[in-house]
Each structure stands twice: as C-alpha cells, then as structure tokens.
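Step one of this worksheet: look at the structure below.
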Amino acid sequence: MPPKTAKKILSNKLEDLSAENFKKFRRELVDRKDGVKMNQVEDKDYMVVSEVMINVYTEKEALKVAEEIFREIRCKQDADELVEEAKKAGLCSAAEGSSEEEHFVDRHRTELIQRVTTVAPILDKLLKAKVIQNEAYDEIMGLRPSQNQMRMVYGSVQGAGRSAKDLFLQILKEQQPFLIDDLMKK
C-alpha cells in the first residue's frame, strides 16, 4: 500500500476531532493571521479545511501548522498521532523534525534580497500583522536601495521567530508569485 499523502493524513485527523474541537481548530487556524481567511474555512468540513491548508501552506508546513494547533487546543494525542503518521509516510511534520529543516526564506535569503525590488507592500503587510513596529517600518522605508531594505526586513522577521517567517513567506507568495515559484523549483 502506498504511503499516505499529507492531505490524507491531515483530513483523517481533522475528521477524528469532535465538533467542538474542530470548531476550535478552525478558529485557531484563522487567528494565526498567516494566510487562511475566515471565509475559506467557516462552516466548512474537514476535507475542505485540509484542502485549504495544503493550498495556503506547503504540504509539510500544513502538517506542522496542524500539529501546533492541535497542541494549542489541547488535543495532544491527535498531535502525537499526526506526527507518527507523517513520519511513517516519510513526511516531516513534528517540531523536532522541522527545526532541523532550514526555512525557505533562510535558504533563499540572498536571492530574495537581490531580486525583491518592491518592498513597501511587503512592509505594509508585516506592519499590519504586527511583525514589525512603526519605528522599524519608518527606518526600513528610509533606506535605499531595495536590497538594504530587504536586509533590514530579514533582521526584523528573523527576530520574530518561525511563525513570522511563515507569514513573510505567505506575503512574498502574494506579492512576488513568479519569483517564489522560480525559487521553489530550485
């Protein structure tokens, strides 16, 4: 039997949740503010929610996000089972596995610094999400050229942690889709 896909693992675990815990899961997913919108998951079933997560995040990232949310809503057994199934399928979802994996924005830091030329819309979204503060926003906007702006953005995102990097990647996917597509192929 072929190994399960990330989507199958995720939809199976979401299906196992009680109605109340599934509601909590959807609420936490939207509260993360890193890509999933309320209208994408509100009143939707487990299959739609898993599909949305796979589309918004990468497969591995969707499993990691699901694991984090399971733990946040106190569904530790579901989180542990998700990790175990992901390992059996050869997918990395556990925090201990993903911490060893270099984040996309770290792996492609140099190219992103060189190739992202329009920084203002990215900054606007980071400010709105409270990843950066007004002072940092003003300081970055005052820098020239765009490469210096991106270096400063990296410093701010780096200091805010992995979830900020995830949000930064989501913003880059929206603002620079062709560049991110190109880098994902490498």
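What follows draws every value from the coordinates through simple rules; no lab data is involved. In this text, all values refer to a predicted model and were calculated from it rather than measured experimentally. Here Cβ is always computed from backbone atoms with ideal geometry, including for glycine, and neighbour counts include all displayed protein chains.
Quick one: how many residues across region 130-186 are free of Cβ contacts under 8 Å to residues at least 60 places away in the same chain and part of a loop (DSSP other than H, G, I, E, B)?
Adding up the residues that qualify gives 10.
Considering only helices (runs of 4 or more DSSP H) fully contained in region 35-74, which possess at least 1 residues that are of a type in the set (Asp, Glu) and under 18 Å from ALA86 (Cβ atoms)?
Because the criterion is at least 1 residues that are of a type in the set (Asp, Glu) and under 18 Å from ALA86 (Cβ atoms), the helices (runs of 4 or more DSSP H) in region 35-74 that meet it are 46-56, 59-72.
Since LYS33 meets every condition but one in (1) touching a residue at least 60 places away in the same chain (Cβ under 8 Å); (2) touching an Asp or Glu at 6+ places or on another chain (Cβ under 9 Å), which condition does it not meet?
Of (1) touching a residue at least 60 places away in the same chain (Cβ under 8 Å); (2) touching an Asp or Glu at 6+ places or on another chain (Cβ under 9 Å), only one is false for LYS33: (2).
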